[in-house]
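First up is the structure itself, then whatever we jot down about it.
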Amino acid sequence: MATTETFQITPEQAELYEERFVPALFAHWVDAVLDAADVRAGQDVLDVACGTGIVARHAAERVGATGHVTGLDLNQAMLAVAARRGPDLTWQQGDVAALPFEDGSFDAVTCQSAAMFFPDVVGALREMGRVTRPGGKVAVQVFDLREDQPAYGPWIAMVGRHAGADAVRMLGTYWVHGDRELMCERCAAAGLRVTAIHNHERPATFPSVEAMVLTEVNATPLADRLSQAELEAIVADSYAIYEPFRTESEEQLTIPLTGYVLVATPE
Ligand SMILES: C[S@@+](CC[C@H](N)C(=O)[O-])C[C@H]1O[C@@H](n2cnc3c(N)ncnc32)[C@H](O)[C@@H]1O
């Protein structure tokens, strides 16, 4: 599905993304991605759409001193945070549609929680395959369809009742690659052979319901798309929707999220 949503955010939002959203949600998927890509000592690894660099930093720990990790992202604000947190890695601004690397440059190419923002996902997969050496691995993590998300699904429907179409389109984008068969067809069209699909459920954990809403809004492109009144209405209604997920203590919120990591190799 084509989309014009590319998750472009400001320097302030990128800081909040790293501080709040990464530990709450994205950090929980990193091991699944790196295990699927079989990232090992001595390898050259590319993390596409690296954001603030959570996958790339962990990949660097695995490849060690004899390997190297490059993180690429469209967004300079994300890369500025990444460079501060991981000064020894290579960070490069660029578009997955035309990766600035020679054919077969990397042993493994990873892409976490970002393929839904690529307008031409087949073209992106083709580029990821092109820069992977023969026999190397491309590992792409995406989330399941919105209707298969027990907590996020109803929450987005509620947000849709308060917010404008732009906000809902942004929130709907995360789930557009949940159809595994379709993703396999896209890989075939991109010249990639799928070798495995690993299904996972990982929690998104927030200190409170309000913290969840403020993170979703202020650390993403949603910030500019909601009025204060809409935001307050969304916070108020979120307590009822998330009641079943407020575990451990009254305040803490743990939302289950499902998705998968697809592993492919260049044909
Ligand atoms: C939700 S963030 C995920 C970031 C990171 N992979 C993580 O797990 O934290 C999506 C990222 O995709 C990047 N992005 C979107 N379109 C892109 C493109 N065409 N090429 C490279 N990066 C892109 C955005 O700039 C953003 O950093």
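Applying a threshold of 9 Å to beta carbon distances and a minimum spacing of six or more residues, or different chains, the list of pairs starting in segment 6-34 at a residue that is hydrophobic (A, V, I, L, M, F, W, C) and ending at one that is open to solvent by 50 Å² or more (accessible area, probe 1.4 Å) and near the ligand (Cβ under 8 Å from one of its atoms) reads 7/74.
Open to solvent by 30 Å² or more (accessible area, probe 1.4 Å), in contact with a helix residue (DSSP H, G or I) (Cβ under 8 Å, 6 or more places away or on another chain), in contact (Cβ under 8 Å) with a residue 60 or more places away in the chain and among the hydroxyl-bearing types (Ser, Thr, Tyr): which single residue out of 220, 205, 173 fits that description? Step through it out loud before you land on a result.
Values: 220 fails: open to solvent by 30 Å² or more (accessible area, probe 1.4 Å); 173 fails: open to solvent by 30 Å² or more (accessible area, probe 1.4 Å).
After ruling out the rest, the residue left standing is 205.
Scanning segment 133-146 for residues that are open to solvent by less than 60 Å² (accessible area, probe 1.4 Å) and within 20 Å of the chain's Cα centre (by Cα) turns up 138, 139, 140, 141, 142, 143, 144, 145.
Counting only residues that are more than 26 Å from residue 32 (Cβ to Cβ) and not in a helix (DSSP H, G or I), segment 214-267 holds 5 of them.
Only residues that are small (Gly, Ala, Ser) and away from the ligand (no atom under 15 Å from the Cβ) were counted in segment 56-65, giving 2.
Can we say residue 201 is within 16 Å of residue 141 (Cα to Cα) and charged (D, E, K, R)? The answer is yes for residue 201. Condition check for residue 68 on (1) farther than 24 Å from residue 142 by Cα; (2) within 11 Å of the ligand (Cβ to nearest atom): one failure, at (2). Each residue in segment 100-122 was checked for being surrounded by fewer than 23 Cβ atoms within 10 Å (Cβ to Cβ) and over 18 Å from the mean Cα position of the chain (by Cα), and 7 pass.
In the set 48, 81, which member is more than 13 Å from the chain's Cα centre (by Cα), open to solvent by less than 50 Å² (accessible area, probe 1.4 Å) and either within 13 Å of the ligand (Cβ to nearest atom) or in contact (Cβ under 8 Å) with a residue 40 or more places away in the chain (or both)?
Working: 48 fails: more than 13 Å from the chain's Cα centre (by Cα).
Within the list 48, 81, the selection yields 81.
On inspection, residue 128 does not qualify as under 26 Å from residue 223 (Cα atoms), in contact (Cβ under 8 Å) with a residue 12 or more places away in the chain, open to solvent by less than 10 Å² (accessible area, probe 1.4 Å) and in a helix (DSSP H, G or I). Restricting attention to segment 84-98 and to residues that are within 13 Å of the ligand (Cβ to nearest atom) and aliphatic (A, V, I, L, M), the residue that is nearest to residue 18 (Cα to Cα) turns out to be 96. If I ask for residues that are open to solvent by less than 20 Å² (accessible area, probe 1.4 Å) and within 23 Å of residue 201 (Cα to Cα), which ones from segment 55-78 would you list? Once the filter is applied, which keeps residues that are open to solvent by less than 20 Å² (accessible area, probe 1.4 Å) and within 23 Å of residue 201 (Cα to Cα), segment 55-78 yields 55, 56, 59. Scanning segment 16-44 for residues that are assigned to a helix (DSSP H, G or I), away from the ligand (no atom under 13 Å from the Cβ) and surrounded by fewer than 22 Cβ atoms within 10 Å (Cβ to Cβ) turns up just one, 35. Selection of segment 71-84 for residues being in contact with an Asp or Glu (Cβ under 7 Å, 6 or more places away or on another chain) and either of a type in the set (Ser, Thr, Tyr) or part of a helix (DSSP H, G or I) (or both) yields 79, 81. Just one of (1) in contact (Cβ under 8 Å) with a residue 40 or more places away in the chain; (2) touching a Phe, Trp or Tyr at 6+ places or on another chain (Cβ under 9 Å); (3) within 15 Å of the ligand (Cβ to nearest atom) fails for residue 136. It is (3).
The values are calculated or read from the model by the stated rules, or taken from the named source; none is laboratory data. Everything quoted here is computed from the prediction, not taken from an experiment. So basically every Cβ, Gly included, is an ideal-geometry build from the backbone, and we count neighbours across all protein chains shown. In case anyone asks, the SASA skips ligands and DNA or RNA and just uses the protein heavy atoms, side chains included. Shrake-Rupley method; radii C 1.70, N 1.55, O 1.52, S 1.80 Å.
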